[in-house]
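Each value in this text was obtained by applying a stated rule to the coordinates, not by laboratory testing. The shown structure was predicted, so the numbers you read here are calculated from the model rather than taken from an experiment. Cβ: placed from backbone, ideal geometry, glycine included. Neighbour counts: every protein chain shown.
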Amino acid sequence: MVKGQRAAFKKLREEFDTNQDYVWVHAASLGEFEQGRPLIERIRSEHPEYKILLTFFSPSGYEVRKNYDGADIVCYLPFDTPLNVRRFLKLAPVKMVFLIKYEFWRNYIHELYKRGIPVYSVSSIFRPGQVFFRWYGKGYARCLRRVTKFFVQNQESIDLLKSIGIDHAMLTGDTRFDRVLDIRKQAKELPIVEAFAQGSKVLIAGSSWAPDEDIFIPYFNQRKDLKLVIAPHVVNDAHIAEIQSKLQRPALRYSQATPEAAAAADCLIIDCYGLLSSIYRYATVAYIGGGFGVGIHNVPEAAVYGCPVLFGPNNRKFKEAQDLKACEGAFEISDAAEFDKILTKLLTYDELLRSAGTAAGRYISSNAGARDIVYREIKNILTEK
């Protein structure tokens, strides 16, 4: 990351065209990028006169999307120091800025405000415990007041912002729902997974970590009428060997599979990146990893296919997880016993399985549209600039 940040200045010197107008979109990591992507692509389509500068803070975002062809320049965002900020904006005199979800860098926002460059916060969400709303957070709250407009996910965020004197916020929802619907429309045909899943009940475990695998693999070992796809969050030989050591039924690595071999296997281990969002289409039930550690991963990516979703207890900060639990499209499990109980019910009672899947899919489709709302709000500014 440090090397990448240093390289950002060199990249801007070499690639930024000062004769062109740029829209700058900043995402901390890959998840935030997926939230910003629908807006990037809408601006790209409707306003080809603008070039796109895309920045990341985290290597997990930059390394995966550094060759994203929807942006003209992709680089790291240098650390938020006054000197870095002035250097960055001198090299990249952008026309407007979109910060995705949680990204509020005080020096960048202050300098952009001084220069009269509009800053928009997209798909942002606020909670009472954040520093902006504490008695000692007045300096951070001042930073928020310099944001031109907030496009927030829920009413609570609007109310919290009002409590510190900020009334330039609009309830739009989360652009991630637009993104997962786009992904579903563009889902890849996967003959190996198709052959593997044909005619079977399939549990697809996405972005799993070892504590997740310690829960669903023993269940799978005993449940002979169930097939399992594991797409681990960390894909390396050591982790895959660890997974294989826990399995007691025939398993196959995706990279070594043929459709014929996959059809005969009970477990398929996805040992590459970039397929999970398409693989979920084959799920009877999906399990989302991370809930026993870092926090759950992308729940809408699975729910969009209309299948019930299970995940661990670390999900409180994820609005979509709370909403899906409330509409009974998703279920929280706290241990192996609870996982066994819930999954067995879903696999035993077809009506429960259908109703949970329908609730999950309906929740995603009914919450789409944030991209269009945000675009309508900013299209006049894009035209004026």
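For 75, 143, which order do you get if you count the other beta carbons within 10 Å of each Cβ and list the fewest first?
Working: 75 24, 143 18.
The most exposed by this proxy come first: 143, 75.
Considering all C-alpha pairs of the stretch 149-268, those separated by over 20 Å amount to 58%.
Beyond 24 Å between alpha-carbons counts as too far, so tell me which of 3/66; 162/317; 114/319; 10/66 fall in that bin. Before the final figure, lay out the partial values.
On the way: 3/66 14 Å; 162/317 21 Å; 114/319 34 Å; 10/66 15 Å.
Too far apart for the 24 Å limit: 114/319.
The label-point distance for residue 187 and residue 338, in a model that sets each label 7 Å from Cα toward Cβ, rounds to 2.8 nm. When the alpha carbon gyration tensor of the stretch 182-366 is reduced to an equivalent ellipsoid, its three semi-axes come out at 23, 18, 16 angstrom, largest first.
As a proxy for reagent exposure, ranking 253, 354, 184 by other Cβ atoms within 10 Å from fewest up yields 354, 253, 184. Calculate the FRET efficiency for residue 379 and residue 248 from the Cβ-Cβ distance with a Förster distance of 41 Å, rounded to the nearest 0.05. Between residue 379 and residue 248 the formula returns 0.10. Quick check: from the Cα gyration tensor, does the stretch 42-184 come out rounded (a/c under 1.5), prolate or oblate? Because a/c hits 1.5 or more and a/b fails to exceed b/c, the stretch 42-184 counts as oblate. Exposure proxy shown here: for 29, 60, 208, the number of other Cβ atoms within 10 Å sets the order, fewest to most, as 60, 29, 208. Computed from label points 7 Å out along Cα-Cβ, the spacing between residue 19 and residue 198 is 5.7 nm. The Cα atoms of the stretch 67-124 cover 30, 26, 20 Å along the three principal axes, with the biggest extent listed first.
The value given for the chain is a Kirkwood hydrodynamic radius of 22.3 Å, derived from the mean inverse Cα-Cα separation. In plain terms, the chain from residue 3 to residue 66 could stretch by 21.2 nm, reckoned as 0.36 nm per residue minus the Cα-Cα distance. For the stretch 182-366, averaging the sequence separation of C-alpha pairs within contact (under 8 Å, six or more residues apart) and dividing by the residue count gives a relative contact order of 22 percent.
Shown is the FRET efficiency for residue 146 and residue 325, computed with R0 = 41 Å from the Cβ-Cβ distance and rounded to the nearest 0.05: 0.70. Averaging the sequence gap over all C-alpha pairs within less than 8 Å and six or more residues apart, then dividing by the number of residues, gives the chain a relative contact order of 13 percent.
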